[in-house]
Each structure stands twice: as C-alpha cells, then as structure tokens.
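Engineer: I have a structure I would like to understand better, so I am pasting it below and will then ask my questions one at a time.
Just so it is clear, none of the values below were taken in a lab; they were calculated from the coordinates. Keep in mind the model is a prediction, meaning the values are calculated, not measured. All Cβ positions, even for glycine, are placed from backbone atoms using ideal geometry, and neighbour counts span all protein chains on display.
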Amino acid sequence: MGLFKLKDFPGRGSFANGIHPPENKEYSADLPVEVMPTPEKIVLPLLQNIGAPCEPLVKANQEVAAGELVGKGKGYVSAALHSPVTGKVQKIGMMTLPNGRHLQAVFIKPEGEQLEGKALWDDVYGGDWPRDCPAVIHAQQIADEIQAAGIVGLGGAAFPTHVKLAPDDKKMIDTLMINGCECEPYLTADYRLMVEAPDAIISGALFAGRATQAQEIVICVEDNKPKAIEILKERTKKTVIKVVSVKTKYPQGSEKHLIKAVLDLEVPIGGLPSDVGVSMSNVATIAAVGRAVIRGKPLTHRIITVTGAGVHSPKNLLVPIGVTMGEAIAYCGGLKKEAVRLVAGGPMMGFAFSDMDAPVTKGTNGIIAMTDDDIRRENETNCVRCGRCVDVCPMRLVPTKLALAAKYKNLPVAQRYNMMACFECGCCTYVCPAHIRLVQLIRSGKALIIASQKK
Amino acid sequence: MNETSLENIKDIPAGEDKPLIHVAPSPHIASTSATTTRMMADVLIALFPIMCMSVYLFKWHAVRQIAVCLGCCMAAEALFAAMRGRRATLADCSAAVTGIILGLSLPASAPWYIGAIASFVAIGIGKVVFGGLGMNIFNPAMVGRAFVMISFANLMGASAYEQPGLGIDAMTGATPLTALKQAGSMVPLNDMFWGLTNGSVGETSALLCLIGGIYLCIRKTACWEIPAGIIISVLVLAGIADLAGPCSGYLVLHHFLGGALLFGAFFIATDPVTSPVTPKGRFVFGVGIGFLVMIIRLFSGYPEGVMFAVLLMNALAPLINRWTIPKTLGED
Ligand code: SF4
Ligand code: SF4
C-alpha cells in the first residue's frame with residue numbers, strides 16, 4: 001500500500017498485494033506506431049467479445065466495402081462486426097481462436113483500393129478532434145452509435161462497450177474512469193496511443209462522459225509512463241478531464257483494483273463497477289468511441305504490440321482487426337528460431353497459441369514471442385505452505401487452499417474461500433516457489449462451481 | 001482452415017530452423033527469485049555464522065552433532081524416498097536444513113547415536129509418513145528432538161549441558177535458563193548476547209541468530225510476522241513476570257536472549273510448511289508460541305520451552321488458518 005494519498009481522489013494510488021514482474025516494455029516502448037499494409041487475408045470471427053455471437057450478413061463471393069457491416073449482434077450484450085477492408089468474402093467457415101473457442105468466421109480477401117499508411121492513420125487516430133461534446137447530443141444517441149460501431153473493450157476483456165456507457169436510471173454513474181495502466185509486461189500499444197493520439201482519447205472521453213452522465217472523468221496511467229502522463233495532462237488542461245498517476249504494479253489495470261487505488265471503493269464480490277457508481281473503459285476503447293461518434297466510423301482497426309525476444313523486430317502496429325497472427329509477425333521480421341511460445345495478450349493473462357492463421361481480434365492487444373529464457377518450465381513440487389500466494393493475491397484470497405479445493409473437487413470449501421472472486425490474474429502462480437499452477441487449478445474449480453450452479 | 005499451424009510457421013522467415021511453438025496456460029512468466037531450493041539455500045546461508053560460532057564454542061562436539069544429523073537426515077530422506085518408490089528429493093535441500101537445525105538444537109555432549117536416531121525420526125516420522133515435504137504437520141526437526149528428549153532424558157536434559165569433563169569452557173556451568181530456574185542465579189547478559197554461554201550447540205549467540213534471522217526476513221524466505229509475534233509476546237509476559245518479581249529489567253532480557261528463543265523464533269517456528277499461510281495467522285501463531293514458551297519456562301519443570309511450544313502450535317496451524325481467512329476484496 002502506497003504511503004501517499006492521491007491529490008484529488010480518496011485512493012492511495014495503489015491496492016494491497018500484487019506483484020512487480022520485469023516490465024520488458026523496452027522492446028517496443030519508444031517505437032512509434034507503424035501502419036501495417038493491407039494484409040493478404042482477413043478473418044473475422046463472429047464472436048470477439050463477451051456475450052452473444054453475431055449473425056453473418058454476408059455470403060461467399062459477396063463484395064464488401066471497408067467499414068461495411070458483415071455481422072449483426074444478437075441481443076443487447078453483443079457487438080456488431082464490420083469489414084476493415086474493401087474486398088470479397090471468400091467463405092463463412094469454422095475456426096479456432098487462441099482461447100480455444102471453435103466458432104464461425106467471415107473470411108475476406110482484400111481487393112481493390114485500400115486506405116494505406118498515413119491516410120489510414122489519419123482516418124483512425126490522426127487529424128483534428130473536437131475539444132468538447134456539443135450540448136445537443138443526447139446520451140442515448142451516443143450509446144446507440146457505440147453499439148452500431150461494434151465497440152468492445154480493447155484492453156482484453158472485450159465486453160461490449162455500449163452496455164457500460166449507456167445512461168442507466170437505476171445505477172447512476174459518478175465517475176468515468178479511463179484505464180491507461182497497461183500493467184501487463186511487454187505491452188506498449190496503449191502507451192503509444194496515449195503519446196501519439198491523446199486527442200482521440202480526450203474527445204472520446206468527453207462523449208463517453210456525456211453518455212454515462214458521469215460527474216467526473218479521470219484518465220488513470222501507471223507512473224512508469226511519465227511521458228504519457230505529461231502529454232495527457234497538457235492536452236486535458238482546458239477540459240474537465242483529470243489525469244491521475246497510479247503506482248506501477250500488476251494488476252493495477254484490473255477494474256476493481258484501479259477503482260480501489262483511485263477512489264478507495266471496493267466493488268462487491270460478483271458485482272460490477274457500476275455498483276459503486278463507476279464506469280471504466282480502456283484508453284483504446286475510448287478512442288474508438290470518439291472515432292465512432294465523431295467520425296461515424298466503426299471499430300475496424302486497433303494498435304497491437306508485436307514484441308518479445310523471439311521476434312526479429314518488435315513493433316507497435318496499427319492493424320486491421322482480423323489480420324492473421326502469422327502476417328502480423330511476418331511484418332515484424334518473423335520469429336527467431338529461439339521462439340518457443342506465442343502469446344496473444346499479455347504474459348500474465350494472455351493465451352498461448354500456435355495457429356498462425358488465428359486472427360487478431362478486437363480484444364487482442366499484443367502478440368508476444370517468448371524464448372525459453374522468458375517462460376517457466378520447472379516441474380511442480382509439493383506446496384510448502386509458504387504463503388507467498390496469499391501475500392500477493394490482489395483479491396486477498398488464499399490461493400493454495402483454493403487450488404487444493406479445486407484439485408479434490410471440494411466445492412463447499414471452494415465457495416467458503418470465495419473461489420469465484422478469483423479473476424485469474426496469475427499473481428499466485430507467478431510467485432509460487434513450488435511452481436504449482438494455481439490459476440489453472442482454480443480455473444478448473446470455477447468451472448466446476450459454474451457447472452454445479454447450472455444444474 | 002484446419003491445417004495446423006506448425007506447418008504454416010515455415011512460411012515465416014525464421015532463420016533455418018522452424019521454431020517449435022508449444023502452448024500452455026497463463027501466466028507465461030514466473031518469478032525467478034522464488035524457488036523451494038533457493039529458499040532452503042537461504043536458510044543454509046543464514047545458519048552459517050551460527051555454525052561457525054558453535055564450532056568455536058563447542059569444538060569438535062559441535063562438528064559431530066551437525067555432521068551426524070546432516071548425514072543421517074539426508075540418508076534417511078534418500079532411504080525413505082527409495083522405499084516409497086519416489087525419486088529422492090535431496091536437491092531441494094530441505095533434508096539438509098532439517099539436519100542442520102536438528103544438530104544445532106542438541107547439547108554438545110549428546111553421543112552420536114542420539115543425533116542419528118533423532119534424524120531418522122525427524123525425517124521418517126516427522127515428514128515422510130505424512131507424505132513428504134509440504135505435507136507434514138509438525139516441524140520435523142522438533143519431532144526428532146522431542147523423541148530423543150523423552151527417550152533419553154538423562155542424555156538430553158539439564159545434566160547433559162553440564163559436562164565439565166568435556167574440557168569445553170562454556171560447559172562447566174549450567175545453561176543460563178537452568179541456572180535461573182534451579183538456583184535463581186544470573187548469567188551476564190553480555191555473554192548471552194554474544195553467545196559465550198552454555199546451551200544447545202547453535203542457540204547460544206543471540207546476536208548471530210538475530211543477524212541470520214533478519215537476513216531471512218529481508219530475503220522473504222522467512223516471514224517477519226512469526227518472529228515478531230514470538231518476541232512481542234515473550235517480552236510482554238517476561239515483562240509482567242519481571243514486574244511481579246524482584247529483578248527489575250533483568251528478567252525480560254534474560255528470557256529474550258536466553259535459550260533457544262531467538263534461534264527458534266527465526267529458524268524453527270518460521271518453517272513455512274508447519275506454520276499458517278495467512279499473514280494474520282502467522283502473527284497469531286507467533287504470539288501463541290511466545291505465550292507457551294513463557295508458560296513452560298515459568299511454570300513447568302523444564303527450563304526451556306521452545307520445542308514443545310512450536311510442536312503444540314504446529315498442531316493448531318490448520319485451525320489458525322481457518323480463523324484468519326483474509327477478507328476478500330469487496331467482501332462485506
Ligand atoms: S506459493 Fe505455492 S508453495 Fe507457497 S503456499 Fe502458495 S501454493 Fe504453496
Ligand atoms: S489468480 Fe486468483 S487466486 Fe491467484 S492471485 Fe489472482 S485473484 Fe488471487
């Protein structure tokens with residue numbers, strides 16, 4: 001727990017427990033975002049977010065234009081899907097995502113004129129952004145536009161954004177928190193966005209603030225990114241937006257922990273930030289909101305970090321959503337032969353994959369190629385009950401006990417120890433000297449609990 | 001779309017060899033500072049000055065105790081592992097740590113077979129029957145010591161420490177705590193601080209126990225809550241006894257510096273396997289040990305109580321864990 005208190009907020013800029021893994025951001029932190037040329041193929045899974053999948057609106061051999069709607073969300077908690085390129089639909093077929101899900105996808109072959117390079121950058125993040133949200137724009141209207149643009153959380157969780165940003169009479173939102181922590185090691189996509197396109201974030205924040213009718217808008221950045229903090233502070237000077245620097249610590253970017261660190265509020269177990277009057281979105285999501293509402297453009301592109309000791313030239317890339325991992329990696333010089341593991345997302349919570357045809361989805365914030373030196377491979381030994389997992393668990397759980405309960409399928413104990421509150425951050429596994437894969441066990445335990453509740 | 005991936009990696013410029021990609025669940029990185037082996041190695045480092053002191057004080061008697069216990073514990077570990085058809089887990093050094101701590105907790109005069117028996121009991125009954133490292137309830141070294149203490153009372157009791165015949169200066173008189181208990185006489189605090197007094201081989205120097213212990217706490221190999229709990233409760237209880245008795249100020253420090261208290265607080269009670277896992281639990285555990293130590297020292301026939309206090313609290317550790325489940329974030 002930090003000793004200091006934040007200037008404008010009740011929190012201390014930190015939360016209890018957590019870890020400090022090596023940041024490894026130096027591979028890509030200082031590299032400006034490059035615009036990736038239009039790839040050979042685009043694969044758009046019909047479910048890229050938490051919630052219901054969408055229905056395909058296109059058929060094989062149909063021509064699509066850049067930004068055209070190709071999938072329609074089913075139900076409220078779902079997101080629309082748009083083609084990032086002009087081209088031809090090849091097929092609607094099955095595919096597997098890095099997280100192991102089998103699902104339908106639209107395969108598109110880019111053909112004809114495309115926006116490239118600087119023009120694409122200007123279309124997505126560049127150019128001028130308004131510094132205020134016109135008073136005539138109604139909250140619900142913004143939420144509708146966000147929904148139409150298919151925006152989901154770009155920080156990794158991929159929860160449909162219009163659900164979080166819609167005005168709600170029952171749960172008043174006091175504070176709109178914009179998450180620029182990027183607490184996972186290696187990743188620098190959000191950092192580059194904050195440094196290179198702060199105005200897109202700021203405009204988006206003003207519109208999102210209107211949508212939620214929040215009293216206060218605050219952008220939260222970890223203190224290992226002084227440049228981003230400085231730029232955002234400078235650019236937000238004449239606006240209502242505040243910028244707050246929080247302690248660099250994993251998992252500072254977790255919703256519940258950032259709320260604790262800044263506002264000193266605890267989101268109830270199983271609850272949502274809105275239960276304590278907070279709505280939180282990632283900086284890239286907010287920039288996408290700005291683009292959707294101001295420029296009328298759907299979510300079709302995002303910045304990812306391709307990095308790690310296993311890739312020849314790490315880069316921050318602006319890519320069309322749906323580009324394959326293989327093409328993105330190839331654009332970064334390809335893999336070195338030492339590469340042994342590929343991770344979509346951060347090293348703490350990301351998914352390992354081996355399928356080079358898997359696409360970058362809306363929630364993919366990075367691709368990390370790791371070598372043998374980076375990953376853990378030791379054999380598991382018995383738990384020595386050292387309590388380190390307890391000392392680091394940011395949810396203040398007892399991971400060793402949860403893992404045992406999961407192993408022996410002891411659901412009453414699992415529930416007594418609040419197993420469902422675990423959000424699989426991986427801190428416990430990171431520190432365990434016996435190399436026990438606690439998260440994996442707990443994950444299996446959570447699946448058991450969910451299965452038993454369904455019955 | 002189902003052609004598998006590894007083939008496709010060929011298409012990517014990746015040097016000559018095709019990288020072999022394997023998948024595994026997150027997290028993909030691990031702390032390099034924490035391994036079971038490294039923790040045990042830390043304990044050995046922290047014990048080193050204490051071993052040197054014991055050799056200086058008790059000459060080859062100390063060497064014998066440590067060597068016999070170390071050798072027998074490792075042999076026992078290898079033997080029992082072989083009997084259970086497991087790979088021997090000597091590499092994690094935990095048997096070595098048990099051996100050295102056991103050796104350091106014996107009187108210098110105890111014959112070699114005491115150490116040997118204690119070692120086999122420590123590893124066999126203290127650890128292996130429970131299922132090996134991590135599964136045991138009681139501190140193995142203390143199980144071994146308790147066994148020989150009860151079985152060979154005359155070789156392990158107060159008289160074992162008074163052996164002028166051995167030619168060791170420190171062993172001409174009683175141990176500080178025995179002297180206090182039986183004769184009410186006082187050993188100079190200074191000697192107890194530096195460790196020039198009689199006692200079990202490794203417990204005499206309060207200073208070296210503190211240095212080694214603080215090293216362990218800084219390295220986070222031992223937690224600080226347990227020693228803190230023990231020391232605080234001993235100081236409080238001894239303080240009360242002191243106020244009640246005539247020897248103002250002296251008794252507190254005597255109990256603090258004397259006997260196995262500091263050695264036990266930092267090296268024995270902090271054994272992670274047999275202590276609680278929650279921070280609050282560890283403190284409660286420490287306070288409990290300190291309390292029991294003082295009860296035994298003040299009211300029982302034994303001059304010293306660390307061993308029994310640790311064993312008793314070991315038995316309570318699972319319960320303490322249960323009482324001290326931390327409050328989950330967001331729990332009301
Ligand atoms: S960190 Fe690992 S060894 Fe230590 S208590 Fe937790 S599970 Fe057991
Ligand atoms: S993965 Fe779960 S149990 Fe482990 S530290 Fe994170 S929240 Fe705690």
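Engineer: Could you tell me how many degrees, from 0 to 90 and to the nearest 10, lie between the Cα long axis of helix B:94-104 and the main elongation axis, the longest principal axis, of the Cα atoms of chain B?
Structural biologist: That works out to roughly 10 degrees.
Engineer: Cβ under 13 Å from B:Gly124's Cβ, B:Gly124 left aside: what net charge do those residues give with Lys, Arg +1 and Asp, Glu -1?
Structural biologist: Values: positive: B:Arg84, B:Lys127; negative: B:Glu77.
Overall, the nearby charge balance is +1.
Engineer: If I stretch the segment between B:Leu79 and B:Ala41 completely, what's the gain in nm (0.36 nm per residue apart, minus their alpha carbon distance), one decimal?
Structural biologist: On the way: separation 38, 0.36 × 38 = 13.68 nm, distance 2.22 nm.
Gain in length upon complete extension: 11.5 nm.
Engineer: Enter the mean number of other protein chain beta carbons within 10 Å of the beta carbon of each residue in B:148-158, as an integer. Don't jump to the answer; show the numbers that get you there.
Structural biologist: Values: counts 0, 0, 0, 0, 0, 0, 0, 0, 0, 0, 0.
Neighbouring Cβ atoms belonging to other protein chains average 0 per residue here.
Engineer: Between B:His22 and A:His102, what FRET efficiency follows from the Cβ-Cβ distance if R0 is 30 Å, with the result rounded to 0.05?
Structural biologist: It comes out at approximately 0.90.
Engineer: Using only Cα atoms and rounding to the nearest 10 degrees, what angle (0 to 90) does helix B:140-151 make with the longest principal axis of chain B?
Structural biologist: Here the helix axis deviates by roughly 30 degrees.
Engineer: Provide, as a two-decimal number, the C-alpha radius of gyration of segment A:388-454 over 2.2 N^0.38 Å, N being how many residues it has.
Structural biologist: Working: Rg = 10.8 Å, N = 67, 2.2 N^0.38 = 10.9 Å.
Normalised Cα radius of gyration, segment A:388-454: 0.99.
Engineer: Mind putting a number on the dipole of the protein assembly as shown about its Cα centre? Charges go on the C-beta only, +1 for Lys and Arg and -1 for Asp and Glu, and I need it in Debye to the nearest 20.
Structural biologist: 1620
Engineer: Further question on the same structure: Taking the Cα centre of chain A as the origin and placing charges on Cβ (Lys, Arg +1; Asp, Glu -1), which of A:Pro314, A:Leu258, A:Cys422 is farthest toward the positive end of the dipole?
Structural biologist: A:Cys422
Engineer: Then there is this: Which trypsin sites (Lys or Arg not before Pro) from segment B:256-320 combine a DSSP loop assignment with at most 15 other Cβ atoms within 10 Å?
Structural biologist: For trypsin sites (Lys or Arg not before Pro) across segment B:256-320 that sit outside H, G, I, E and B with at most 15 neighbouring Cβ atoms in 10 Å, the list is empty.
Engineer: Calculate, for B:Val129 and A:Ala157, the FRET efficiency according to 1/(1 + (r/R0)^6) with r their C-beta to C-beta distance and R0 45 Å; round to the nearest 0.05.
Structural biologist: 0.45
Engineer: Charges at C-beta only: +1 for Lys and Arg, -1 for Asp and Glu. How large is the resulting dipole of chain A about its Cα centre, in Debye rounded to 20? The partial results should precede the final answer.
Structural biologist: On the way: 53 positive and 46 negative charges, 312 e Å.
Roughly 1500 debye, rounded to the nearest 20.
Engineer: Taking DSSP loops as anything outside H, G, I, E and B, show the longest stretch in chain B free of GluC sites (Glu not before Pro) there with at most 15 other beta carbons within 10 Å.
Structural biologist: B:17-330
Engineer: Pull up the cross-link candidates among the lysines for A:Lys74, meaning alpha carbon to alpha carbon under 19 Å and not fewer than 8 places away within one chain.
Structural biologist: Within reach: A:Lys59, A:Lys164, A:Lys362.
Engineer: Here is a follow-up. Treat every Asp and Glu Cβ in segment A:388-454 as -1 and every Lys and Arg Cβ as +1, leave all other atoms uncharged, and give the resulting dipole magnitude about the Cα centre to the nearest 20 debye.
Structural biologist: Values: 10 positive and 2 negative charges, 40 e Å.
My answer is approximately 200 debye.
Engineer: If you don't mind, another one. Would you mind checking the tilt of helix B:206-218 against the longest principal axis of the Cα atoms of chain B, expressed as 0 to 90 degrees and rounded to 10?
Structural biologist: 20
Engineer: Quick one, what does Rg over Rh come out to for chain A if you take C-alpha atoms and the Kirkwood Rh? Don't jump to the answer; show the numbers that get you there.
Structural biologist: Numbers: Rg = 21.3 Å, Rh = 22.4 Å.
With Rg and the Kirkwood Rh in hand, the quotient comes to 0.95.
Engineer: Taking 2.2 N^0.38 Å as the expected size of a compact globular protein, what ratio does the Cα radius of gyration of the protein assembly as shown give against it, to two decimals? Numbers along the way, then the final one.
Structural biologist: On the way: Rg = 31.7 Å, N = 787, 2.2 N^0.38 = 27.7 Å.
My calculation over the Cα atoms of the protein assembly as shown gives 1.14.
Engineer: So what is the 222 nm mean residue ellipticity for chain A from helices alone, if each DSSP H run of at least 4 adds -39500 (n - 2.57) and you divide by all residues, rounding to the nearest 500 deg cm²/dmol?
Structural biologist: Values: 14 runs with 127 residues, N = 455.
My calculation for chain A gives -8000 deg cm²/dmol from helical runs alone.
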